[in-house]
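*Asks:* I'd like to ask some things about the structure below.
The numbers here are math on the coordinates, done by the rules we state, and not lab data. Since the model is a prediction, treat every value here as computed from it, not as a measurement. Virtual Cβ from ideal backbone geometry, glycine too; neighbours counted across all protein chains shown.
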Amino acid sequence: MTKNKWIDVTAPLVNGMVVWPNDIKVQIERRVSMDRGDLVNNSTISMGAHTGTHMDAPLHFIAKGKSIDQVPFDAIIGPTRVIEIKDKVSIKADDLKPYNIKRGERILFKTRNSPASWQNKNFAEDFVFITKGAAQLLAYTKVALVGVDYLSVGSPVDPEKGMKDVHEILLGAEIWLIEGLNLTDVKPGNYNLICLPLKLMNAEGSPVRAVLQRIP
């Protein structure tokens, strides 16, 4: 890796890509096209706010929580730690204890989700998720940001409970979430992070472009 190289950890937005069950499909259409004799190229985009690599604001699960336009820049820009979790099922509290996670840290979790789950256009029901115990530890520690390498921090096994509880624990502690990262080309360690959502007023989430730069 060359010095100061930025690594794009954003999943490409393309027609037919995997989305959360029952979410709307991505539709990117060249509405006006120079190939058809038009003066310019101009596209229309239709997709959910939680498509691909995206952020969850507290408002996603907390009724009076902050919206995505209120995200503080110091939560989404700055030093970040990538932690690789070898467990093939979930991220547990015991997995996190050796890392001595500190208040205010930005933490991204790399699991077997990268790259396997992103190579499949069908939703991967068995993706590695954060358990409620791990979420409680992160909330107690008061980290600033948590990122995962598939479409949800919470359990796919019980989407009505496990997913809801994990989101409520983290977002209720005002921990901002990045979901849908592709960390295939990222080794564990320390990085600089830039992750910018769209300024969607009063929205609970937004697609993002996220990049990492290794800190020697």
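*Asks:* Would you pick out the residues in the stretch 9-59 that are acidic (Asp, Glu) and more than 22 Å from Pro115 (Cβ to Cβ)? If you could, list the steps in order and put the result at the bottom.
*Replies:* Within the stretch 9-59, the first condition is being acidic (Asp, Glu), and the residues that meet it are 23, 29, 35, 38, 56.
Selection gives Glu29, Asp35, Asp38, Asp56.
*Asks:* Right, something else. State all residues of the stretch 3-26 that are polar (S, T, N, Q) and surrounded by 12 or more Cβ atoms within 10 Å (Cβ to Cβ); if no residue qualifies, say none.
*Replies:* Within the stretch 3-26, Thr10 is the sole residue that qualifies.
*Asks:* Restricting the first residue to the stretch 36-55 and requiring it to be more than 14 Å from Val26 (Cα to Cα), which pairs with a second residue that is charged (D, E, K, R) and assigned to a strand (DSSP E or B) meet a Cβ separation below 6 Å and a spacing of at least six or different chains?
*Replies:* Sorted first by the residue in the stretch 36-55, then by its partner, the pairs are Asn42/Arg31.
*Asks:* Name the pairs: first residue in the stretch 73-102 and touching a residue at least 60 places away in the same chain (Cβ under 8 Å), second residue of a type in the set (Gly, Ala, Ser) and surrounded by fewer than 19 Cβ atoms within 10 Å (Cβ to Cβ), Cβ to Cβ under 8 Å, at least 6 apart or on different chains?
*Replies:* Between residues of the stretch 73-102 that are touching a residue at least 60 places away in the same chain (Cβ under 8 Å) and residues that are of a type in the set (Gly, Ala, Ser) and surrounded by fewer than 19 Cβ atoms within 10 Å (Cβ to Cβ), the close pairs are Asp74/Ala144; Ala75/Ala144; Arg81/Gly189; Val82/Gly189.
*Asks:* For the stretch 95-102, indicate whether the set of residues that are surrounded by fewer than 14 Cβ atoms within 10 Å (Cβ to Cβ), of a type in the set (Asp, Glu) and out of contact with any Lys or Arg (no Cβ under 6 Å at 6 or more places or on another chain) is non-empty.
*Replies:* Step one: list which residues in the stretch 95-102 are surrounded by fewer than 14 Cβ atoms within 10 Å (Cβ to Cβ), which gives 97-100, 102.
Still in the running and of a type in the set (Asp, Glu): none.
No, the stretch 95-102 contains no residue that is surrounded by fewer than 14 Cβ atoms within 10 Å (Cβ to Cβ), of a type in the set (Asp, Glu) and out of contact with any Lys or Arg (no Cβ under 6 Å at 6 or more places or on another chain).
*Asks:* Regarding the stretch 119-142, can at least one residue be identified that is among the basic types (Lys, Arg) and either under 13 Å from the mean Cα position of the chain (by Cα) or closer than 26 Å to Asp8 by Cα (or both)? Explain how you work it out, then say what you get.
*Replies:* If we filter the stretch 119-142 for residues that are among the basic types (Lys, Arg), which is where we start, we get 121, 132, 142.
Those still in the list that are either under 13 Å from the mean Cα position of the chain (by Cα) or closer than 26 Å to Asp8 by Cα (or both) too: 121.
Yes, the stretch 119-142 contains a residue that is among the basic types (Lys, Arg) and either under 13 Å from the mean Cα position of the chain (by Cα) or closer than 26 Å to Asp8 by Cα (or both).
*Asks:* Quick check: anything in the stretch 119-126 crowded, with 19+ Cβ neighbours inside 10 Å and not small (Gly, Ala, Ser)? Steps first, answer last, please.
*Replies:* Start the filter on the stretch 119-126 by keeping residues that are crowded, with 19+ Cβ neighbours inside 10 Å, which leaves none.
Checking the stretch 119-126: not a single residue is crowded, with 19+ Cβ neighbours inside 10 Å and not small (Gly, Ala, Ser).
*Asks:* Looking at the stretch 57-87, which of the residues that are aliphatic (A, V, I, L, M) and touching a Ser or Thr at 6+ places or on another chain (Cβ under 8 Å) is farthest from Phe129 (Cα to Cα)? Please lay out each step first, then the result.
*Replies:* Taking the stretch 57-87 first, the residues aliphatic (A, V, I, L, M) are 57, 59, 62-63, 68, 71, 75-77, 82-83, 85.
Restricting the remaining residues to those that are touching a Ser or Thr at 6+ places or on another chain (Cβ under 8 Å) gives 57, 59, 68, 85.
On the way: Ala57: 18, Leu59: 21, Ile68: 23, Ile85: 10 Å.
Across the stretch 57-87, the extreme among qualifying residues is Ile68.
*Asks:* Within the stretch 70-80, identify whether any single residue is touching a Leu at 6+ places or on another chain (Cβ under 9 Å), polar (S, T, N, Q), surrounded by fewer than 17 Cβ atoms within 10 Å (Cβ to Cβ) and not in a loop (DSSP other than H, G, I, E, B), and answer yes or no.
*Replies:* Yes: one or more hits.
*Asks:* Out of the residues in the stretch 24-69 that are outside any helix (DSSP H, G or I) and among the acidic types (Asp, Glu), state the one that is nearest to Asn192 (Cα to Cα). Step through it out loud before you land on a result.
*Replies:* Here is the first cut: in the stretch 24-69, the ones outside any helix (DSSP H, G or I) are 24-33, 37-57, 61-67.
With among the acidic types (Asp, Glu) added as a condition, the list becomes 29, 38, 56.
Numbers: Glu29: 34, Asp38: 42, Asp56: 20 Å.
Within the stretch 24-69, the match that is nearest to Asn192 (Cα to Cα) is Asp56.
*Asks:* Within the stretch 138-154, track down each residue that is part of a loop (DSSP other than H, G, I, E, B), crowded, with 20+ Cβ neighbours inside 10 Å and not acidic (Asp, Glu).
*Replies:* Residues satisfying the conditions are Val143, Val148, Tyr150, Leu151, Ser152, Val153, Gly154.
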